[in-house]
Structures are given as C-alpha cells and as structure tokens.
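The values are calculated or read from the model by the stated rules, or taken from the named source; none is laboratory data. On a predicted model such as this, the values are computed, not experimentally measured, just so you know. Every residue, glycine as well, gets a Cβ built from its backbone with ideal geometry; the counts of neighbours run over all protein chains shown. Note: areas computed on protein heavy atoms with side chains; ligands, DNA, RNA excluded. Shrake-Rupley method; radii C 1.70, N 1.55, O 1.52, S 1.80 Å.
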Amino acid sequence: MVAREGLVVSGQASRNGAGIVIPVDGPAGSGKSTMAKIIAERLGWDYLESGALYRAVGLKVLESGGDPDNPDEAARQAGALRFECRKTPDGWRNFLDGEDVTDKLREERVSDSSSKVSAVPAVREALLAFQRGYGRERGALLDGRDIGTVVFPEARLKFFMDADIEIRISRRFNELREKKIDFDQEKMAANLRARDKRDRERTTAPLRPADDAIPIDTSNKTIDQILEYMIGEICREYGQLIDLR
Ligand code: CDP
C-alpha cells in the first residue's frame with residue numbers, strides 16, 4: 001500500500017485547499033461517490049472512494065480462495081494491500097497491485113465480501129493511515145461510512161447523504177446495468193439490504209452521521225440541486241480559501 005502516514009488537521013489551508021478534507025458519508029446508493037467526485041473535480045482537489053479500499057481487501061480474500069468471514073484472513077490481506085486511487089484520462093480509477101480493478105470492485109460478490117471484511121477492527125486499523133494521508137498536498141474529498149466519525153472527525157465541514165432504500169436499490173440497478181456488470185436483481189437487492197444492516201449495526205465504526213454532519217436526503221433531488229446546495233455550504237465554510245472552477 002502507498003502509505004501516507006500522519007494525521008491531517010482540517011484547519012489552516014492554502015489556496016489549493018491543502019489541509020482541508022471534506023468527508024461525504026452515507027449508505028450504498030445515497031449518491032455520495034457521485035457528488036464527492038464532481039466536487040473534487042470542480043475544486044481541483046484529490047478524491048478517495050474509501051469503499052474501494054474495503055472492496056480491494058474483499059477482492060484479495062476472494063481471489064486467494066479465502067473466506068471473507070474469517071477475520072484473520074481479512075486482516076492479513078489488509079496489511080499487505082498495495083492500493084492506489086489515481087486520476088486518469090478515464091476519470092478516477094482504483095489500482096490494486098498495479099492493476100486497474102475499478103470495474104471488478106463493483107461486482108456483487110465483492111460488495112458482499114467487502115462489507116464482511118470491513119467489520120474486522122484490524123482491517124479498519126490497517127487502512128486508517130492511508131486515508132489520513134489525504135488532504136496534505138491539496139484539499140480532498142473522501143467518501144465512505146466513517147470518514148466524518150473516525151477518519152477525520154476534526155473536519156470543519158462534513159456531509160451525510162441518505163435516501164429511501166427502494167430508491168437506492170434502483171440507482172444501484174441502473175449503475176450496474178450501465179457498467180454492463182452481470183447481476184441477479186433479487187440477490188442484489190437482498191445484498192444491499194444485508195450490507196446496510198451490517199454496516200449500521202457493527203461495533204467498530206458503524207455507519208452513522210457525525211453529530212456535526214450536514215444531512216442531505218437525496219431521494220427526490222437531482223444531482224444539480226444537490227451540487228448547488230453542497231457548493232453553497234463549502235463556500236460558506238471555506239469560501240475565502242478555495243478556487244472554484
Ligand atoms: O458504493 P457502495 O456505497 O455500495 O459501497 P462502498 O462505499 O464501495 O463500500 C463497500 C463496503 O465497504 C460497505 O458496505 C462498507 O461495509 C465498507 N466501507 C466501510 O466500512 N467504511 C468505509 N469508509 C467505506 C466502506
């Protein structure tokens with residue numbers, strides 16, 4: 001793993017946003033990745049889909065023939081992870097051991113495996129330093145489940161996105177269809193519900209809004225409406241410090 005040690009404090013910042021991290025948390029299909037990516041683009045900042053880290057661990061366990069329910073196996077794979085989220089001409093792509101695994105990471109078997117390995121405290125611990133390395137050279141948007149509660153609790157501005165479960169399921173259908181990834185509709189919906197429950201109820205870093213997060217219900221809003229709102233909040237908090245494109 002390309003480890004970037006050290007805690008970033010989201011306080012003082014230069015014009016490229018160095019020192020600022022904006023957490024965007026929420027459950028599957030809430031729209032957090034879509035929004036975080038667009039905003040990172042508008043600001044010229046870094047972006048990390050932290051779920052891809054857990055998906056990468058889940059994939060490694062599956063590919064090595066291991067059992068995602070075995071915590072020791074998951075912790076071993078997390079400790080040896082070589083992962084990178086890089087901007088390419090095709091957008092933000094995720095690399096595992098140098099291979100572009102962005103599409104593979106979205107497969108249902110990986111979604112399910114990732115949610116199991118992510119409940120293991122040693123896995124979360126192993127991935128923490130990597131995530132905390134963001135925001136040092138330029139500002140960064142990180143999306144996930146616990147970015148505002150555990151990874152960057154000191155961030156001055158955080159968002160928590162959510163939406164009605166049926167709407168989230170139908171968004172995920174469309175996403176997988178667009179990406180031409182094979183899936184079974186019923187299994188996928190059951191998987192998403194199970195993942196939601198597991199993510200919210202686990203003991204370590206459960207999915208929940210930070211006390212000071214700004215909640216956004218995206219059920220009946222367009223991307224443009226959400227973007228306008230989020231940019232407004234970002235300008236209110238950091239307007240003096242940032243350049244918007
Ligand atoms: O895209 P989607 O919301 O479906 O999932 P994801 O963000 O790629 O995350 C995949 C799984 O990783 C989730 O179900 C969580 O169990 C886990 N995860 C986590 O525990 N903490 C994070 N910060 C991000 C993801």
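Scanning segment 174-184 for residues that are of a type outside the set (Lys, Arg), surrounded by fewer than 14 Cβ atoms within 10 Å (Cβ to Cβ) and under 15 Å from Gly29 (Cα atoms) yields Asn174, Glu178. So which residues in segment 127-145 are surrounded by fewer than 24 Cβ atoms within 10 Å (Cβ to Cβ) and not in a helix (DSSP H, G or I), if there are any at all? Matches in segment 127-145: Gly133, Arg136, Glu137, Arg138.
Scanning for something away from the ligand (no atom under 12 Å from the Cβ), over 15 Å from Ser33 (Cα atoms), open to solvent by 90 Å² or more (accessible area, probe 1.4 Å) and in contact with a Lys or Arg (Cβ under 9 Å, 6 or more places away or on another chain), does segment 209-229 turn up at least one residue? Taking every residue of segment 209-229 in turn, at least one turns out to be away from the ligand (no atom under 12 Å from the Cβ), over 15 Å from Ser33 (Cα atoms), open to solvent by 90 Å² or more (accessible area, probe 1.4 Å) and in contact with a Lys or Arg (Cβ under 9 Å, 6 or more places away or on another chain).
Checking the conditions here, which among Ala80, Ala28, Ala75 is open to solvent by less than 20 Å² (accessible area, probe 1.4 Å) and of a type in the set (Gly, Ala, Ser)? Being open to solvent by less than 20 Å² (accessible area, probe 1.4 Å) and of a type in the set (Gly, Ala, Ser) holds for just one of Ala80, Ala28, Ala75, which is Ala28.
Just one residue in the set Leu62, Leu48 is among the aliphatic types (A, V, I, L, M), part of a helix (DSSP H, G or I) and more than 15 Å from Ile234 (Cβ to Cβ); that residue is Leu62.
Identify the residue in segment 230-245 that is more than 13 Å from Phe160 (Cβ to Cβ) and within 21 Å of the chain's Cα centre (by Cα) and, among all such residues, is surrounded by the most Cβ atoms within 10 Å (Cβ to Cβ). In this case the residue turns out to be Ile234.
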